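*Asks:* First the structure, then my questions, so here it is.
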Amino acid sequence: MDFATFLIQLLNSVQYGLVLFMLAAGLTLIFGIMGVVNLAHGSFYMLGAYLAYALTGYFGSLAWAIAVGAVLAMVFGLALEWLLFRHFHHRDHLDQVLLTFGLIYIFEDLRSILWGDAVHGVAIPEPLAASIPLTDILSYPLYRLFICGICLALALGLYLLIAKTRLGMKIRAGASNPDMAQALGVNTRRIHSIVFALGVTLAMVAGMAMAPVSSVYPGMGSSVLIMCFVVVVIGGIGSVRGAFISALLVGLVDTFGKVLLPQIAGMLVYMLMAAVLLYKPEGLFRQ
């Protein structure tokens, strides 16, 4: 492997890892703070991709589609928490699994009714359609770097929100000791609504950003969901920092595994998870 090829694979792994972080951060926040097992998280990613396809066709601009779609995703998350997840917060995990598993089928049927079962494409914005030359014959798409920029900006915003704001202080308090936080005047129900809506928005924005790269097709959230759970388990449940480091690590192992060890590439990520759990059953950065 020459240096240019190595650089391309490294950039691919970072981009994949950052997208996984956007998905896993929402999943780990929802489970770590609300205690809700959300198997429908991958469906939010799929809905985001289809929303990008629909809104891009309406506005004629992917940028407007992502901006409007993020607002709609936040409203959708708030409504879903108010209608369903609020009533399952204190119930058994099996009830939560059955609820979210049912939501997967509901979202799949809604997707089929609204957009059909065909594969759709979303055009890359013209200013981002170029490639950056690395050698005479190799180049790297500018849009993939744009995805990395979006993910890093959201990661920084998420860190500042949780670590540096009053709302973040309430979120941390509610996650650490919800009964004491509520006794001190923190509206934990509102915190749970905000956290759930934030997790849904992160997943749907990831789907919207990835739509031009991966295309839009039925069931695209299933494989992503499995990788999200792997990232959360490796990083530690409830840890955003753990999700970030774990996502980048999984991206590196998966991308370079497919290039260097294609025969066992499908096993490498799970072997990594097994190795981490063997020595740190709580994950790398459990919080």
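The values are calculated or read from the model by the stated rules, or taken from the named source; none is laboratory data. Predicted model only: the values in this text are computed from it and were never measured. No Cβ is skipped: glycine too gets one built from the backbone with ideal geometry, and neighbour counts run over all protein chains shown. In case anyone asks, the SASA skips ligands and DNA or RNA and just uses the protein heavy atoms, side chains included. Shrake-Rupley method; radii C 1.70, N 1.55, O 1.52, S 1.80 Å.
*Asks:* Tell me the label-point distance for the pair Y279, L142, using the 7 Å Cα-to-Cβ offset, in nm and rounded to one decimal.
*Replies:* Simple spin-label model gives 4.3 nm for this pair.
*Asks:* Using 0.36 nm times the number of residues separating L156 and L83, minus their current alpha carbon distance, what extension gain do you get?
*Replies:* Additional length available on full extension: 23.2 nm.
*Asks:* If I stretch the segment between V68 and L261 completely, what's the gain in nm (0.36 nm per residue apart, minus their alpha carbon distance), one decimal?
*Replies:* Net length gain for the segment: 65.3 nm.
*Asks:* For S131, which sequence-distant residues (separation of 5 or more, or a different chain) have an amide H within less than 5 Å of its own amide H, given hydrogens modelled in the peptide plane?
*Replies:* Hits under the 5 Å cutoff: L142.
*Asks:* What residue among V240, V200, T165 has its Cα farthest toward the positive end of the dipole of the chain, where the charges are +1 on Lys, Arg and -1 on Asp, Glu, each on the Cβ?
*Replies:* Working it through, the farthest residue towards the positive pole turns out to be T165.
*Asks:* Still on this structure: If you take the beta carbon distance between R241 and I132 as r and set R0 to 35 Å, what does 1/(1 + (r/R0)^6) give as a FRET efficiency, to the nearest 0.05?
*Replies:* Numbers: r = 30 Å, r/R0 = 0.86.
Plugging the Cβ-Cβ distance into 1/(1 + (r/R0)^6) gives 0.70.
*Asks:* Let me ask something else about it. What ranking do 91-99, 195-203 get when scored by the average of other Cβ atoms within 10 Å per residue, highest first?
*Replies:* Packing proxy ranking, top to bottom: 195-203, 91-99.
*Asks:* Taking only protein heavy atoms and a 1.4 Å probe, what accessible area per residue, in Å², does the chain have with all protein chains in place?
*Replies:* That works out to 49 Å² per residue.
*Asks:* Related question: In the calculated pair distance distribution of the range 106-185, what percentage of Cα-Cα distances lie above 22 Å?
*Replies:* 63 percent
*Asks:* So what's the range 56-138 giving for Rg/Rh, alpha carbon basis, Kirkwood Rh from the mean inverse pair distance?
*Replies:* Result: Rg/Rh = 1.16.
*Asks:* Out of these labelled values of Kirkwood radius over Cα pairs in Å, [x] 24.0; [y] 19.6; [z] 21.1, which was calculated from the coordinates shown here?
*Replies:* Computing Kirkwood radius over Cα pairs in Å and matching it to [x] 24.0; [y] 19.6; [z] 21.1 gives [y].
*Asks:* So, one more: For the chain, which whole-number percentage of the solvent-accessible area (1.4 Å probe, protein heavy atoms only) is attributable to carbon and sulfur atoms?
*Replies:* The C+S portion of the solvent-accessible surface of the chain is 68 percent.
*Asks:* May I ask you to list the residues of the range 34-78 whose amide nitrogen lies under 16 Å from a point 7 Å from Cα along the Cα→beta-carbon direction of S215?
*Replies:* 49-50, 53
*Asks:* Run the simple label-point estimate for K164 and W115 please: 7 Å along Cα→C-beta, distance reported in nm.
*Replies:* Label-label distance for K164 and W115, simple model: 3.5 nm.
*Asks:* Which net charge results for the neighbourhood of V269, defined as the other residues with beta-carbon distances under 13 angstrom from its beta-carbon, given Lys and Arg at +1 and Asp and Glu at -1? Display every interim value, and only then the final one.
*Replies:* Details: positive: K258; negative: D254.
Charge balance in the 13 Å sphere: 0.
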